[in-house]
Amino acid sequence: MKILATWWGKVLLVLVIVVVAIQFVPFGVDNPSARDEPKWDSATTKNLFMRACADCHSNQTKVLWFEHVAPVKWYIADHVKEGRGALNIDEWHTTAGEGADESAKVIRKGEMPPDFYTYLGLHSDSKLTAKERQELIDGLEKTMAADPPTRGR
């Protein structure tokens, strides 16, 4: 029994060392200073977008406390990088992303914001009512028509 306890103790010690060591890997969400957003059709559209979409689709990502802990921070950083690649409103007139002109469509289809984003009550402020969702869709379509994004990455 003493051998088993010693073996498990060594495994636990190694595991703790690995968990602490990976915290020093410098990969996480960054927020570049670029702020070049579209000419919104209304303050309502901007507010709804900032509430429901900006954490992944802008340079203004707010990370929850536990999302600063590796390996969760690595997953979040990769997810945000992917989201900004599809649409980044803070780079609207330079490189808004390949999916910028599709934003209203993916919201209409119910693909954004993704369900997992609000699991367990997380990011609950990003949950939109049906009315808010429609207001965001309409507002994005008007914004895109009046001030088309620059596509590409």
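The values are calculated or read from the model by the stated rules, or taken from the named source; none is laboratory data. Worth saying up front: this structure is predicted, and the values here are computed from it rather than measured. Every residue, glycine as well, gets a Cβ built from its backbone with ideal geometry; the counts of neighbours run over all protein chains shown.
Key figures for this structure:
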quantity: Hits in region 35-72 - residues which are in a helix (DSSP H, G or I) and of a type in the set (D, E, K, R); calculated: Lys46, Arg51, Asp55, Glu67
quantity: Residues satisfying the stated conditions in region 20-38, i.e. in contact (Cβ under 8 Å) with a residue 24 or more places away in the chain and of a type outside the set (Asp, Glu); calculated: Ile22, Gln23, Val25, Phe27, Gly28, Val29, Asn31, Pro32, Ser33, Ala34, Arg35, Pro38
quantity: All positions within region 50-63 that are out of contact with any His (no Cβ under 8 Å at 6 or more places or on another chain) and either closer than 12 Å to Leu140 by Cβ or of a type in the set (A, V, I, L, M, F, W, C) (or both); calculated: Met50, Ala52, Cys53, Ala54, His57, Val63
quantity: Residues of region 50-88 satisfying the condition of being among the basic types (Lys, Arg) and more than 20 Å from Leu128 (Cα to Cα); calculated: Lys73, Lys81, Arg84
quantity: Scan of region 24-40 for residues that are over 11 Å from Gln60 (Cα atoms) and surrounded by 12 or more Cβ atoms within 10 Å (Cβ to Cβ), ordered by number; calculated: Phe27, Gly28, Asp36, Glu37, Pro38, Trp40
quantity: Selection within region 16-49 - at pLDDT 95 or above and either under 17 Å from the mean Cα position of the chain (by Cα) or of a type in the set (Val, Ile, Thr) (or both); calculated: Thr44, Thr45, Lys46, Asn47, Leu48, Phe49
